[in-house]
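Worksheet: one structure, shown below.
The values are calculated or read from the model by the stated rules, or taken from the named source; none is laboratory data. Small disclaimer: the values here were computed from a predicted structure and weren't measured. Cβ placement follows ideal geometry from the backbone for every residue including glycine, while neighbour counts extend to all protein chains displayed.
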Amino acid sequence: MKRVVLLIIGLFPLFLGYIQDHFLLTFKYYYTSLFLLSNLTVLVIWFAAGVISAKRLGSKKESLILLNAPALVMLLHNLFQEVILGYYLPNHVGKMGQMFYLSQLNIAFNLSLVFFQQLFFAYIIAFCLMFIVSFLGCTVGSYRVGGRALAR
């Protein structure tokens, strides 16, 4: 049950992306604060999920895999559409991958424009950010205040 809950928490950016898309289409002028808030929200929840999952499951490796599995699937889905197909599918299946990373694209674009000018690099950077934050959360969650290890 803990593993299923962790996979559902891993889908949180998808729900946040659809909410953010709705607000972007409804209130066109209020998107800058919404992007910043959604960036911070996803990173804070990803960190907290890493902390909690490392304590509950007892394994950092399993926590990282389960928490980031939906993000990896969506990354591969986006890369398949953009690199191999050359276009995004014009239905909800095609939109789903974009909505998953919508909340992280603002910071990922700012980081990727320094080196790369293509969209799929922004998706890769967004995934790396989420993975690093969850890894830090799992690392923090695997130790007690006294320094004794709880998880490996």
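If the requirement is being at pLDDT below 80, out of contact with any helix residue (DSSP H, G or I) (no Cβ under 8 Å at 6 or more places or on another chain) and under 22 Å from ILE107 (Cα atoms), which of these qualifies: LEU37, LEU25?
Within the list LEU37, LEU25, the selection yields LEU37.
Per-residue answers, yes or no, for (1) out of contact with any His (no Cβ under 6 Å at 6 or more places or on another chain); (2) modelled with pLDDT of 85 or more; (3) among the aliphatic types (A, V, I, L, M); (4) surrounded by fewer than 16 Cβ atoms within 10 Å (Cβ to Cβ):
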| position | (1), (2), (3), (4) |
| --- | --- |
| LEU85 | yes, yes, yes, yes |
| VAL93 | yes, yes, yes, yes |
| ASN110 | yes, no, no, yes |
| LEU113 | yes, no, yes, yes |
| PHE131 | yes, yes, no, no |
| LEU136 | yes, yes, yes, yes |
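Under the condition of being within 23 Å of GLY50 (Cβ to Cβ) and of a type in the set (Phe, Trp, Tyr), which residue from the stretch 1-28 is surrounded by the most Cβ atoms within 10 Å (Cβ to Cβ)?
Result: PHE12.
Only one of (1) within 14 Å of the chain's Cα centre (by Cα); (2) at pLDDT 85 or above; (3) hydroxyl-bearing (Ser, Thr, Tyr) fails for SER53. Which number is that?
All conditions pass for SER53, except number (1).
Taking only the stretch 65-83 into account, find how many residues are buried (at least 19 other Cβ atoms within 10 Å of the Cβ) and among the hydrophobic types (A, V, I, L, M, F, W, C).
Total satisfying the criteria: 5.
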